[in-house]
Amino acid sequence: MKIAVTYAGGQVYQHFGHAAQFKLYTVESGMILDTAVVDATASGHSAMVSYLQRQGVNTVICGGIGGGAVSALAGAGIRLFAGATGSADQAVLALLAGKLVHNPEAAKGHCGGHH
């Protein structure tokens, strides 16, 4: 499994569409094997989702996210856990422990139409 977390200074960045970086986690058998911080070279949710697909990502953890990005992730078969806050590493550990919950409220109209 490959997990991407919107990332800024060790924390979950709170706006998927404006994330400058992602922290990628390679996970096997419930253990983190590797991490890397990568620059989000794409702009806009569809380009961002394509970029994540090319990285082999199948799960995204983020703060807020707009409806278009939610649809693009779903269309790409990428699982979404929105509404995360705090440490990116802790969010991934919570996911692996089965304790991270997707908050659909964080995925409602977050962008307010400004892309």
Could you check what % of the DSSP bridge pairs in the chain are antiparallel, to the nearest 5?
-> 70
Helix-derived [θ] at 222 nm for the chain: sum -39500 (n - 2.57) over DSSP H runs of at least 4, divide by residue count, nearest 500?
-> -7000 deg cm²/dmol
Dipole in debye (nearest 20) - the stretch 1-97, about Cα centre, beta carbon charges: Lys, Arg +1; Asp, Glu -1 | 160
Whole number in Å², please: accessible area per residue of the stretch 20-115, 1.4 Å probe, ligands, DNA and RNA not counted.
-> 50
So which lysines can LYS23 reach, going by Cα to Cα under 18 Å and dropping same-chain residues fewer than 8 places off?
-> LYS2
Could you pull out which residues in the stretch 5-47 have an amide N less than 13 Å from a spot 7 Å beyond the Cα of SER87, following the Cα-Cβ vector?
-> 10-12
Expressed as a percent, the accessible surface of the chain that is carbon or sulfur, using a 1.4 Å probe and the full set of protein chains, is 51
In whole angstrom, note down how far apart the Cα centers of the stretch 12-28 and the stretch 54-105 are.
-> 9
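The values are calculated or read from the model by the stated rules, or taken from the named source; none is laboratory data. Since the structure is predicted, the reported quantities are computational estimates derived from the model, not experimental observations. As a convention, Cβ positions derive from the backbone with ideal geometry for all residues, glycine included, and neighbour counts pool all protein chains shown. Remember, those area values only see protein heavy atoms, side chains included, never the ligands or the DNA or RNA. Shrake-Rupley method; radii C 1.70, N 1.55, O 1.52, S 1.80 Å.
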